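Notes for the one structure printed next.
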Amino acid sequence: MRYLWILLASCLAIGSAKAEMNGAIRIGVLNDMSSVYADFQGPGSVLAAQMAAEDFAKISKRKVEILSADHQNKPDVGAGVARRWLDVEGIDMIADLPNSAVALAVSDIVREKNRVMIGSGAGTALLTGARCSPNTVHWTYDTWSMGHALARGVIEGGGKSWFFVTADYAFGHDLEKQATDEIMASGGKVIGAVRHPIGTSDFSSFLLQAQSSGAQVIALANAGGDTVNSVKQAAEFNLGAKQQIVALIFDLQAVPALGLKTAQGLTAVNAFYWDMDEKTREWSTRYQARHPKKMMPNHMHAGVYAGTLHYLKAVEKVGSPADGKAVVEAMKAMPTDDPLFGTGQIRADGRKLHPMYLLQVKTPAESKSEWDVFKVAGTIPADKAFRPLKEGGCPLATN
């Protein structure tokens, strides 16, 4: 048995050395390809990673291979794919990871195998809190930034009493908690909450409970197709006539799905919008031309691109993708610099820092095209957009 183990270890070492000699860096994009988050990450995130690899090829001769898989929003499926990728298929970095339960499971596996995870679609702030890892970087957004920023803005506008309609898994629970913390700290109150399964098609019973609560604000602590369906059905019940509907996670693809007539006036917090400047427009136009549904990119797609590009630059500096912890240390030491987020940095806890933007959905009269849907209503500077380092409870922050 001992001989077999030594032989197996030797074979794995030889395989790793061979991959390194060939100069191939293998990246796996793991997300929802077929369900409620498919348009919000899905094939679009794979395309973003491919574009990062292509742009990296302009400055390096290293070969980069992009693989993808559907985790079906199931932690066991996602963990199984991650283990196969890392143990058998030589994947060096896993990207995207929408669905926080999947992201937390994969982060633990990546740490065990000493590779790298960059969460762009992942929401939970636990990834840079108690569950932080020296092998994980959290790009784009998190539940702290979304929950606190929107709750603060709504309360300042007079929305003091809240009722939550929450996706019943790690992401939704964390998003509700973060918003609740801000509500309580700002003098508001939470009247109640109801939780729904991911992929719910009928929100009527949940919305009627929210309506009967009498809360000034009905907060949707969900995402993707669940947000689209709940906003649509809230409009059908005319809940907005007497109560304010707030979607804590509201992304670009939700607007065409709802239609401007229904979505107009809704406020969102995003890290990127395709029409912000010449650089974002140029990249987004290239992206749209290649997207299978001709969609413009949202901020999570942008995060996959920027995070992947920065990872590849760090591998170039370190010399090999083999030691994931060393690559992440290099990512933290190097300033980030890309056309979508500009310059920035990655903190000790793995949190990528950049501004967040308050976006408001345009009226039909203001919009000039299908994807001309947001106007920038304000900017939250990088040092205010995310949880303070000392408050997260990440062991890496004290080392």
Checklist entry - Can you name the condition, by its number, that Glu156 falls short on among (1) surrounded by fewer than 23 Cβ atoms within 10 Å (Cβ to Cβ); (2) modelled with pLDDT under 95; (3) not small (Gly, Ala, Ser); (4) not assigned by TED's automatic domain parsing to the domain that holds Asp202? => result (4)
Checklist entry - Taking region 381-399 only, how many residues are polar (S, T, N, Q) and surrounded by 13 or more Cβ atoms within 10 Å (Cβ to Cβ)? => result 0
Checklist outcome for this item: Picking from Ala193, Ala210, Ala215, Ala167, the residue that is at pLDDT 95 or above, of a type outside the set (Ser, Thr, Tyr), under 20 Å from Met33 (Cα atoms) and assigned by TED's automatic domain parsing to the domain that holds Val373 would be Ala167
Next on the checklist: Can you pull out every residue in region 124-141 that is assigned to a loop (DSSP other than H, G, I, E, B), farther than 16 Å from Gln345 by Cα and under 12 Å from the mean Cα position of the chain (by Cα)?
Outcome noted: Thr124
Next on the checklist: Checking Lys293 against (1) closer than 26 Å to Ser230 by Cβ; (2) assigned to a strand (DSSP E or B); (3) of a type in the set (Lys, Arg), only one condition comes out false. Which one?
Outcome noted: (2)
Item to check | Evaluation of Gln233 against (1) among the polar types (S, T, N, Q); (2) within 29 Å of Met93 (Cβ to Cβ); (3) in contact with a helix residue (DSSP H, G or I) (Cβ under 7 Å, 6 or more places away or on another chain) (one fails), failing number | outcome: (2)
Item to check | Some residue of region 368-380 being closer than 19 Å to Leu175 by Cα and loosely packed, with under 13 Cβ neighbours inside 10 Å | outcome: no
Item to check | Of the criteria (1) modelled with pLDDT of 95 or more; (2) aliphatic (A, V, I, L, M); (3) under 30 Å from Leu340 (Cβ atoms); (4) part of a helix (DSSP H, G or I), which one Leu220 fails | outcome: (4)
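Table: residues versus (1) closer than 18 Å to Thr136 by Cα; (2) within 21 Å of the chain's Cα centre (by Cα); (3) among the hydroxyl-bearing types (Ser, Thr, Tyr).
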position	(1), (2), (3)
Leu309	yes, yes, no
Val315	yes, no, no
Ala348	yes, yes, no
Gln360	no, yes, no
Next on the checklist: Step by step: first the residues of region 39-58, then only those that are free of Cβ contacts under 8 Å to residues at least 24 places away in the same chain and hydrophobic (A, V, I, L, M, F, W, C), then the one that is surrounded by the fewest Cβ atoms within 10 Å (Cβ to Cβ). Which residue is that?
Outcome noted: Ala57
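Per-residue answers, yes or no, for (1) under 30 Å from Lys160 (Cβ atoms); (2) in contact with an Asp or Glu (Cβ under 7 Å, 6 or more places away or on another chain); (3) not in a loop (DSSP other than H, G, I, E, B):
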| residue | (1), (2), (3) |
| --- | --- |
| Ala235 | yes, no, yes |
| Asp251 | yes, no, no |
| Phe272 | no, no, no |
| Thr280 | no, no, yes |
| Ser284 | no, no, yes |
| Ala289 | no, no, yes |
| Ala306 | no, yes, yes |
Checklist entry - Going by the conditions given, is Lys352 closer than 25 Å to Ala130 by Cβ, at pLDDT 95 or above, in a strand (DSSP E or B) and not hydrophobic (A, V, I, L, M, F, W, C)? => result yes
Checklist entry - Yes or no: Thr262 at pLDDT 95 or above, farther than 20 Å from Asn73 by Cβ and not assigned by TED's automatic domain parsing to the domain that holds Gly342? => result no
Checklist entry - Does region 152-163 include one or more residues that are in contact with a helix residue (DSSP H, G or I) (Cβ under 7 Å, 6 or more places away or on another chain), closer than 21 Å to Val36 by Cβ, of a type outside the set (Ser, Thr, Tyr) and touching a residue at least 40 places away in the same chain (Cβ under 8 Å)? => result no
Checklist entry - Counting only residues that are in contact (Cβ under 8 Å) with a residue 60 or more places away in the chain and either more than 18 Å from Ser367 (Cα to Cα) or small (Gly, Ala, Ser) (or both), how many does region 255-282 have? => result 10
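The values are calculated or read from the model by the stated rules, or taken from the named source; none is laboratory data. Here the structure is a predicted model, which is why all the values come from computation and not from measurement. Please note: Cβ atoms are built from the backbone with ideal geometry, for glycine as well, and neighbour counts cover all protein chains shown.
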